[in-house]
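Reviewing the structure listed below.
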Amino acid sequence: MGKMEKTLLLATSRGYCFGVKKALERVEKTLSEFHQNPIIVFNEIVHNRIVVDQLKARGVMFTADLDSIPENAAVIISAHGVGPHVYQRLKEKNCEIIDATCPLVQKVHDKVHYYSNLGYYILYIGKASHEEAIGVIAENPSNITLIESEKDLPHIPRNHDRYIVLNQTTLNMFEVESLYEQIRAALPSVEMPSRNDLCYTTTERQQAVNSIAKQCESVIVIGSANSSNSRKLCEVAQAQGAKAILVDTVDEIDDRWLDGVNRIGVTSGASAPEFLVEGVIDRLVKRGFSVTNVA
Ligand code: SF4
């Protein structure tokens, strides 16, 4: 009997999104322009351990503590954005602010003001600990309730006339849709925006991994554990019944994990550099997998 052909289904929709590319370009430009002052990134520039480590090795400092930032420093705001108090404090310290907030995250910040000014109370679907959610909520904390899951629905204050729902850009598209429905059921007067705030790269990558996972036994997602969009790629693959693992680099893949696997999917999060994906592909090709690209 012939040996079963081993196939690697590679998501063509993977890796750096435009917000991450733009943020990293801003860092490179800043590195070439500011030779004297310390260069500090507020929060991780993008949620990838390897990228952050490489920048640290080139002298870039990372902090989430405003108090630790010296006067006159060049401070890069990460792709996930920050609330207005951060800009305020940095201005007081006379810092040079280089804003690498993704325009798609900025759009949600702007919507908070737009809807608040129209008298809406905002229900924001997101994760409390994520920098993006922290920054958006900081725009108008007294006018927003965070919805992490259906458990938060009973906490929606009922004393407002108009409600609108917004969401974090990198959530699981299926979960967001389901939460929108649950909010509508709990609060029939709520107004829904014409579309949710998931960014298009998040949606495209989740759709791609969803179709790949249907055809595979296992899926490898290259990305860091603190990357929301990468974790969601794993979740979407698991929901299709595939085994899915999230790895920073090829070294985290255990050979035993590949034993008996004939169809494997590979994708990467929006902040994972392509050389890390190539490392994983090389390893799998050496194990006898042949690559098929999946749109
Ligand atoms: S994942 Fe989407 S919202 Fe986040 S940085 Fe990338 S393009 Fe922007």
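No lab work stands behind these numbers, since they all come straight from the coordinates. Note that the structure is predicted; figures quoted are calculated from it, not measured. Neighbour counts run over all protein chains shown; Cβ positions are idealised from the backbone, glycine included.
So what is log10(I(q)/I(0)) for the chain at q = 0.10, 0.15 1/Å, when the Debye sum runs over its Cα atoms only?
Log10 of I(q)/I(0), two decimals: -0.61, -1.13.
Restricted to Cα positions, what overall size does region 199-295 have along the principal axes? Three whole-Å values, descending.
Principal extents (Cα only, largest first): 36, 25, 21 Å.
Sort 4-10, 260-266 by the packing proxy (mean of other Cβ within 10 Å over each peptide's residues), most packed first.
The densest-packed peptide leads the list: 260-266, 4-10.
Going 7 Å from the Cα of Glu274 toward and past its Cβ, which residues in region 11-55 have a backbone nitrogen under 16 Å from where you end up?
Of the residues in region 11-55, 11-22, 24-25 have backbone N under 16 Å from the label point off Glu274.
Calculate, for Arg256 and Ile50, the FRET efficiency according to 1/(1 + (r/R0)^6) with r their C-beta to C-beta distance and R0 30 Å; round to the nearest 0.05.
0.80
So between Thr12 and Ala128, what do we pick up on full extension, going 0.36 nm a residue minus the alpha carbon distance?
38.6 nm
Below 17 Å, Cα to Cα, which aspartates and glutamates can Lys111 reach? Residues fewer than 8 away in the same chain don't count.
Glu132, Glu139, Glu191, Asp197
Picking from Ile45, Ser290, Ser32, whose Cα lies most toward the positive end of the charge dipole for the chain (charges on Cβ: Lys, Arg +1; Asp, Glu -1)?
Checking the options against the dipole of the chain, the answer is Ser290.
At q = 0.12, 0.19, 0.22 Å⁻¹, what log₁₀ I(q)/I(0) does region 108-196 have when each alpha carbon counts as one equal point scatterer in the Debye sum?
-0.30, -0.81, -1.13
Using all Cα-Cα distances in region 1-123, what percent lands in each 10 angstrom bin from 0 up to the longest?
That works out to 11, 36, 27, 14, 7, 4, 2, 0, in percent per bin.
Given labels modelled 7 Å from the Cα in the Cβ direction, how far is it in nm from Lys243 to His113?
5.0
Charges at C-beta only: +1 for Lys and Arg, -1 for Asp and Glu. How large is the resulting dipole of region 18-102 about its Cα centre, in Debye rounded to 20?
220
From Cα coordinates alone, what are the radius of gyration and Dmax values for region 64-170 in angstrom?
Every Cα atom of region 64-170 included, Rg and Dmax give 15.1, 46 Å.
Residue-wise, which Karplus ³J(HN,Hα) couplings in Hz belong to region 172-188, taking 6.51 cos²θ - 1.76 cosθ + 1.60, θ = phi - 60°, and x for glycine or proline?
6, 4, 6, 5, 4, 4, 5, 5, 4, 5, 5, 5, 4, 5, 6, 9, x
At 0.36 nm per residue, minus the direct Cα-Cα distance, what do Val291 and Asp67 gain on full extension? Give it in nm, one decimal, please.
Stretched fully, the Val291-Asp67 segment lengthens by 75.7 nm.
When N counts the residues of region 4-47, how does its alpha-carbon radius of gyration compare numerically with 2.2 N^0.38 Å, as a ratio?
Its radius of gyration relative to the 2.2 N^0.38 Å reference: 1.85.
Work from the charge dipole of region 104-186 (Cβ charges, +1 for Lys and Arg, -1 for Asp and Glu, about the Cα centre) and give the residue of Asn167, Ile183, Ser149 farthest towards its positive end.
Of Asn167, Ile183, Ser149, it is Ile183.
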